[in-house]
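Q: The structure under discussion is supplied below as structure tokens; questions concerning it will follow.
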């Protein structure tokens, strides 16, 4: 630089120039982030100005997208420096629990986090790939594997309450020939079973007409498809026998069975046995059913009604003897108690004119035991000379159902085979004739 003084004299001077260093900024190495996570880029402190690309003028910049980022900084001297960094994204295991769901109470649903991960942690604390859920809640799962990235997903589960279904009967118990109206509430659609004794297997109301005590089951479905259930047992009264004025037979069965039905309180049924020309009437209550509860009563009289001689009184605490006998006529009375559920009784009766089956044995006559029977019975008769007899079995109309020959002993075992459950007349013929009666049950 040249300098001139005021006096016109000339001389020379010098100036030294120096350069200030640019500021140093370091954003670090290129980096990556997991999933949807972001990262904060920091240009450092000590600068008076920051300018980011694509945008930003603060010391730090939070980025959530992949891309190239750069910053230019300015120091107190007005000098500038810059740096750049590339941000990429790493993905975690794919996981998708699906759409929010709802299902009916009593149902179990499965949440599956998929196969992309190697380890799982659920909001329930379970660590399996899938879990079963049955309660309303928001469920989440954390999945890891493959990279250091972790994936999450959530799903809302709603458990719908089952409808409260109820069924009532207009009348219960009912007579065996009557019906009763069953009305259901609590749902929109109904299905019944067994439908055999109903006017319809669906809908409400329906008519029920069972022949015996029957439990009807109801399933109701609401508008969400959820189901509830109820049941009702319809009881059926035993049929009333009333008064059987005269049974003018030499033998037969009194059948007052009441299986799967209920008694009316103080319902009375009577039977008068008055066979023609017979002098003795027998009855055996050990035949088949005998289920008389305390409170129910069976009474047997000798005579025309219950003013005659009392021969026996039975209930469940006292079983009948094997046989009762009356002169000329016998009167049987059965009084029921609605609090019991006994099945009633069967009794076999015969007279001194109906020889054989269960009659009082007389020396030299036919013996049959057991009688009644279901599989086989023993027939014994006197045959000291081992003569050959033929056995004939016929029904009360005289139709022959079985005929055998060459019975040479005094004892024969009869198998029922194809014989039906009815009374039969049997004869052993030649050289003498033995007659009797059997009952198969």
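Q: Hey, how much of the P(r) for the stretch 243-351 falls beyond 24 Å, as a percent of Cα pairs?
A: Numbers: 1031 of 5886 pairs.
In whole percent, the long-distance tail amounts to 18.
Q: While we're looking at this one, here's another question. Could you calculate, for the stretch 127-284, the ratio of the Cα radius of gyration to the Kirkwood radius, expressed as Rg to Rh?
A: Working: Rg = 29.7 Å, Rh = 21.3 Å.
Rounded to two decimals, Rg over Rh is 1.40.
Q: Sort the following peptides by mean Cβ neighbour count (other Cβ atoms within 10 Å, averaged over residues), highest first: 181-189, 268-276, 78-86. Can you show the working numbers first?
A: Working: 181-189: 17.0, 268-276: 18.7, 78-86: 14.4.
Sorting 181-189, 268-276, 78-86 by mean packing, highest first, produces 268-276, 181-189, 78-86.
Q: Can you sort 180, 404 from fewest to most other Cβ atoms within 10 Å of each residue's own Cβ? Write down the numbers at each step before the final one.
A: Numbers: 180 19, 404 13.
Result, fewest neighbours first: 404, 180.
Q: Listed highest first by mean packing, meaning other Cβ atoms within 10 Å per residue, what order do 373-382, 45-54 come in? Before the final figure, lay out each step's value.
A: Details: 373-382: 15.4, 45-54: 13.5.
Output ranking for 373-382, 45-54: 373-382, 45-54.
Q: Continuing with the same structure: Just want the ordering: 101, 403, 330, from fewest to most Cβ atoms lying within 10 Å of their own Cβ.
A: Ordered from fewest to most neighbouring Cβ atoms within 10 Å, 101, 403, 330 come out as 403, 101, 330.
Q: Further question: Roughly what % antiparallel, to the nearest 5, for the DSSP beta bridges in the chain? It would help to have the intermediate numbers written out before the result.
A: On the way: 119 of 133 bridges.
Expressed as a percentage, antiparallel bridges in the chain total about 90.
Q: Next up: Express in nm, to one decimal, how much length is gained between residue 124 and residue 411 on full extension, taking 0.36 nm for each residue of separation and deducting their alpha carbon distance. Don't skip to the end; give the middle numbers.
A: Working: separation 287, 0.36 × 287 = 103.32 nm, distance 8.09 nm.
95.2 nm is the gain from fully extending residue 124 to residue 411.
Q: Volume per residue, Å³, of the convex hull around the alpha-carbon atoms of the stretch 106-179? Don't jump to the answer; show the numbers that get you there.
A: Numbers: hull volume 9.5 nm³, N = 74.
Value for the stretch 106-179: 128 Å³ per residue.
Q: Run a plain Debye calculation on the stretch 168-225 (Cα atoms as equal point scatterers, no solvent) and give log10 I(q)/I(0) at q = 0.28 Å⁻¹, rounded to two decimals, same order as the q list.
A: -1.19
Q: Using the Kirkwood radius over Cα pairs, work out the Stokes-Einstein diffusion coefficient for the chain at 10 °C and 1.306 mPa s, in µm²/s as a whole number. The partial results should precede the final answer.
A: Values: Rh = 32.8 Å.
Once the numbers are plugged in, D ends up at 48 µm²/s.
Where a number appears in this text, it was derived from the coordinates with a stated rule and is not lab data. Model, not experiment: these values are computed from the prediction. Heads up, the Cβs are rebuilt from the backbone with ideal geometry, glycines too, and the neighbour counts pull from every protein chain shown.
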